[in-house]
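Shown next, in structure tokens, is the structure this report addresses.
Rule-based calculations on the coordinates, nothing more; no lab input. All values derive from a computational prediction rather than experimental measurement. Virtual Cβ from ideal backbone geometry, glycine too; neighbours counted across all protein chains shown.
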Amino acid sequence: MMGLLMFSLGCSVEFRKLWAHIRRPWGIAVGLLCQFGLMPLTAYLLAISFSLKPAQAIAVLVMGCCPGGTISNIFTFWVEGDMDLSITMTTCSTVAALGMMPLCLYLYTLSWNLEQNLTIPYQNIGITLVCLTIPVAFGIYVNYRWPKQSKIILQIGAIVGGVLLLVVAVAGVVLAKGSWNSDITLLTISFIFPLIGHVTGFLLALLTHQSWQRCRTISLETGAQNIQMCVTMLQLSFTAKQLVQMLSFPLAYGLFQLLDGFLIVAAYKMYKRRLKNEHRKKDTGCAEGCHKKKSTSLKETGAFLEVNEVAVTPGPSVPMDCHTAFESTSHISSSTYWS
């Protein structure tokens, strides 16, 4: 289902714009800085600030070091963000995770003296790349060859994406129902962590003078993490007994990042509707003002013409033949000459 969804989202990507992002990767660079700079640092500070247990602190840090998830592409489409940048960022962050995940985990766990070695899920990263790049490539090709049909596929994909997200949300609630009462501190972190990612990603994009469309895209890409990769890495690195304290966090994080994404989309739709209403009121006021001005001008023009007609024809016209007119003219001329 995710492969089909990425194929439909790929139908909104133009190769020319995609190549422009690759040639001048300023937006990609800002996104990677948010993904592997801000998110691991935020995870480390949250783990230290809340004095988490070692197992819980590692779960939070692994989540912060994961690349962006494909869920951000769906939300980016709904808020009319830069889809070319969103898909490029997701792909680049997944590729960069091959080296950046072990590097970030090594740097931030130096002071923790871990007894357990962390296993990077390289196979999972490879599967994610294949499921991301191949469907998107087919979508770009369909958009290039059949642009009208690609719009229909894109609309269907948006509906399928919404249904898929609802299914994931319900499944997350069912799977994590036993962990809601486990640790209120961990639930608090799973709630504020994606929000911090969205806000800091937006602010950094704004400080680097990115467009509003790119700011929305980078914000969603920063706060949305690859939950499946985090769960896979924890399962490969720890025992079943240790996982009891860990797996509740990525499940709760995934649920809250869905909730945050829906709230962002709802806020954007309300903001857009408000702007449309304001523009509609301005257009209506301008049309009424122009109509009143036109009516006033027509009245003034009519009054001016009436005044001119009165000035030109003050009384009834008297018919005059050519002989009388000639005599009158001769009389006026001779009078002027003698005087």
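Spin-label pair Leu259-Ile184: with each label point 7 Å from Cα along the Cα-Cβ axis, the two points sit 1.5 nm from one another. With both labels modelled 7 Å from their Cα along Cα-to-Cβ, the Leu41 to Ala29 distance reads 1.7 nm.
Using the structure shown, list the pairs from Lys151/Lys281; Lys17/Lys148; Lys148/Lys269; Lys17/Lys281; Lys17/Lys269 with a Cα-Cα distance above 28 Å, or answer none.
From the list (Lys151/Lys281; Lys17/Lys148; Lys148/Lys269; Lys17/Lys281; Lys17/Lys269), the Cα-Cα distance tops 28 Å for Lys151/Lys281; Lys17/Lys281.
Once the chain from Thr208 to Ser51 is taken as fully extended at 0.36 nm per residue, the excess over their C-alpha distance is 53.2 nm.
With a Förster radius of 30 Å applied to the C-beta separation of Ala171 and Asn117, the computed FRET efficiency comes to 0.45.
Remark on Gln225: its backbone amide H falls under 5 Å from those of Gly69, a criterion applied only to residues 5 or more positions apart or on other chains, H modelled at 1.01 Å from N. Dividing the alpha-carbon radius of gyration of the stretch 1-157 by the rule-of-thumb value 2.2 N^0.38 Å gives 1.18.
Working note: Debye formula, equal point scatterers on the alpha-carbon atoms of the stretch 86-193, no solvent; log10 I(q)/I(0) at q = 0.09 Å⁻¹ is -0.43. Label separation (Val95 vs Lys148): 3.6 nm, computed from points 7 Å beyond Cα along the C-beta direction. Both numbers refer to the Cα atoms of the stretch 186-262; Rg and Dmax are 14.7, 48 Å. Please report how far the C-alpha centroid of the stretch 31-73 lies from that of the stretch 186-218, rounded to the nearest whole angstrom. The two parts, judged by their Cα centres, are 13 Å apart. The alpha carbons of the stretch 9-98 occupy a box of 48, 25, 20 Å along the principal axes, longest dimension given first. Once the Cβ-Cβ distance of Lys276 and Ile159 is raised to the sixth power relative to R0 = 25 Å, the FRET efficiency obtained is 0.65. The listed peptides 123-135, 9-21, 61-73, 213-225, ordered by packing as a protection proxy, come out as 213-225, 61-73, 9-21, 123-135 (highest mean of other Cβ atoms within 10 Å first). Rounded to whole numbers, the Karplus 3J(HN,Hα) couplings from phi for the stretch 59-72 are 4, 5, 5, 4, 4, x, 8, 6, x, x, x, 6, 5, 5 Hz, using 6.51 cos²θ - 1.76 cosθ + 1.60 with θ = phi - 60°, and x at Gly and Pro.
Extension gain for Arg16 to Asp283 (0.36 nm times residue separation, less C-alpha to C-alpha distance): 92.6 nm.
Remark: the stretch 225-240, residue by residue, has Karplus-estimated 3J(HN,Hα) of 9, 7, 5, 4, 5, 5, 5, 4, 5, 5, 5, 6, 9, 10, 7, 5 Hz, where x stands for each Gly or Pro and the curve is 6.51 cos²θ - 1.76 cosθ + 1.60 at θ = phi - 60°.
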